[in-house]
1. Filter the cross-link list Lys28/Lys73; Lys227/Lys330; Lys58/Lys83 down to pairs whose alpha-carbon distance in this structure exceeds 30 Å.
2. Could you give me D for the stretch 99-138, from Stokes-Einstein at 10 °C and 1.306 mPa s, where the hydrodynamic radius is the Kirkwood radius over C-alpha pairs? Units µm² s⁻¹, please.
3. Roughly speaking, to the nearest percent, how much of the stretch 107-147's 1.4 Å accessible area is carbon and sulfur?
4. Can you pull the semi-axes for the stretch 173-276, root of five times each eigenvalue of the Cα gyration tensor, sorted largest first, whole Å?
5. Can you bin every Cα-Cα distance in the stretch 1-64 into 10 Å intervals starting at zero and give me the percent of pairs per bin, rounded to whole numbers?
6. Compute from the Cα atoms of the stretch 269-332 the Rg and the Dmax, the latter being the longest Cα-Cα distance, and quote both in angstrom.
7. Cα atoms only, the stretch 263-304: Rg and Dmax in Å?
8. Rg to Rh ratio, the stretch 210-328, alpha-carbon atoms and Kirkwood radius?
Amino acid sequence: IEETATNEVKEAADLEELEELRIKYLGKNGEVTEILQNIGDLPPEQRPVVGKLGNKLKSKLENVIAERKEELKQAAKKERLKKERIDVTLTGRKDNLGSKHPLTQVIDEISEIFLGLGFGIVEGPEVEKDYYNFEALNIPKTHPARDMQDSFYISEDILLRTHTSPVQVRTMEETEVPIRIIAPGRVYRVDEVDANHSPVFHQVEGLMIDQNISFSDLKGILIKVVKELFGEDRKVRFRPSYFPFTEPSAEVDVSCALCGGEGCSTCSDTGWLEILGSGMVHPRVLEMSGLDPNEVSGFAFGMGVERIAILKYGITDIRRFYENDIRFLKQF
Ligand code: PHE
């Protein structure tokens, strides 16, 4: 037994095989175990001899098995280290990095400009109370935007905000004058999807309130911003307009880029592009938010981020922004 068992153990290929051998010889019904268990059946004079030899064999086998076990473990470890070795001289695989979405880039760019002018950035809920979205902005119950058909209503007095103006109302309620903030974010209007419309789009609106803020402040700030955004060489013009929450109101246009010849098709026939709405905050709006129109005044403005991006980059279809086609996104 000793010779066979020792040879078998030495040749065991792995730990599993070794364990099988241990059971075969030293297990509960193992060959050596059995010899030792059956000693009682032997004639008395043979018992001590067999017992001695059996125990010796047992401990010899135990040692051989333990040795082989250690060997196999070492070998397995070596094998593993070999497999897990890292070749530090290999050239790295290049990560396929994403890039900032063009809309995020435009929002960041607008934010940078306003931060430089001392404005803060404020955000508010996209699910908004009718009060903040319409009522507090002096938008009458009969206004078409308040129609169930034009806004996404959640319940009778809760809807998805149709502009970020409610953030301005919330700010007027919560913050002491002077106020200088912009409110970027997603807004929602019921619209069929086509090249120019999307039921979800982005706005950056803004508000400045202090003592003695006048229309010249509005013009000064907005001209500065538009030129930073589109280039010093572009002209800016203000057209009278109407919004329920501002009086007087003005729409702001930027002149088409000077780029004679072909490929200049993104501009209008008039030579001007409308880019934002603005006006002096209506006294009633100030009052409703707890400000005294005799003490303070201010202006507000709002622009569509998609529209600005479309004009800046010459994009022809608003849907490109939401398709996440990597070939489109990589260009920015
Ligand atoms: N709230 C207007 C809109 O959503 C934009 C605007 C803001 C106009 C502030 C004037 C003043 O279109």
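The values are calculated or read from the model by the stated rules, or taken from the named source; none is laboratory data. Just so we're clear, the structure is a prediction, and the values are computed from it rather than from any experiment. All Cβ positions, even for glycine, are placed from backbone atoms using ideal geometry, and neighbour counts span all protein chains on display. SASA here: full protein model, heavy atoms, side chains in, ligands and nucleic acids out. Shrake-Rupley method; radii C 1.70, N 1.55, O 1.52, S 1.80 Å.
1. Working: Lys28/Lys73 25 Å; Lys227/Lys330 26 Å; Lys58/Lys83 37 Å.
Over 30 Å apart, Cα to Cα: Lys58/Lys83.
2. On the way: Rh = 12.5 Å.
My calculation gives 128 µm²/s for D.
3. Working: 1160 of 2040 Å².
So the carbon and sulfur contribution to the accessible surface is 57 percent.
4. Values: eigenvalues 152, 87, 33 Å².
That gives 28, 21, 13 Å for the three semi-axes.
5. 21, 51, 22, 6, 0
6. 18.6, 54
7. For the stretch 263-304, the Cα-based Rg and Dmax read 16.9, 52 Å.
8. Values: Rg = 17.3 Å, Rh = 16.2 Å.
With Rg and the Kirkwood Rh in hand, the quotient comes to 1.07.
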